[in-house]
Amino acid sequence: MAQEPPLTAAEKAKVTLLTARMCKRSLAGEDVDLSDLQRKVERILDTAAKRAETA
């Protein structure tokens, strides 16, 4: 399993908020599109990974 990069407090808060929004959307039904929120989370994790590589 790949290890996640260290996140800043702001990044943790953003990922938590986006996860909560995904949960709320999934309550609406199985056919709801979550890809936009998933892309945002992936972008945050990618940014953190790049920052960890340069440090």
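Per the conditions (1) touching a helix residue (DSSP H, G or I) at 6+ places or on another chain (Cβ under 9 Å); (2) part of a helix (DSSP H, G or I); (3) of a type outside the set (Asp, Glu), the sole criterion not satisfied by Ala49 is (1).
Among the residues of the range 32-46, those that are touching a helix residue (DSSP H, G or I) at 6+ places or on another chain (Cβ under 9 Å), of a type outside the set (Asp, Glu) and farther than 11 Å from Leu7 by Cα comprise Val32, Leu34, Leu37, Gln38, Lys40, Val41.
Taken over the range 33-55, residues that are of a type in the set (Ser, Thr, Tyr) and surrounded by 11 or more Cβ atoms within 10 Å (Cβ to Cβ) amount to 1. Pairs linking a residue in the range 23-44 that is free of Cβ contacts under 8 Å to residues at least 60 places away in the same chain to a residue that is assigned to a helix (DSSP H, G or I) and of a type in the set (Asp, Glu), with Cβ atoms under 6 Å and 6 or more positions apart or on different chains, are Ile44/Glu11.
Since every read-out is calculated from the coordinates, none of them should be taken as a lab result. Given the structure is predicted, the values throughout are model-derived calculations rather than measurements. Please note: Cβ atoms are built from the backbone with ideal geometry, for glycine as well, and neighbour counts cover all protein chains shown.
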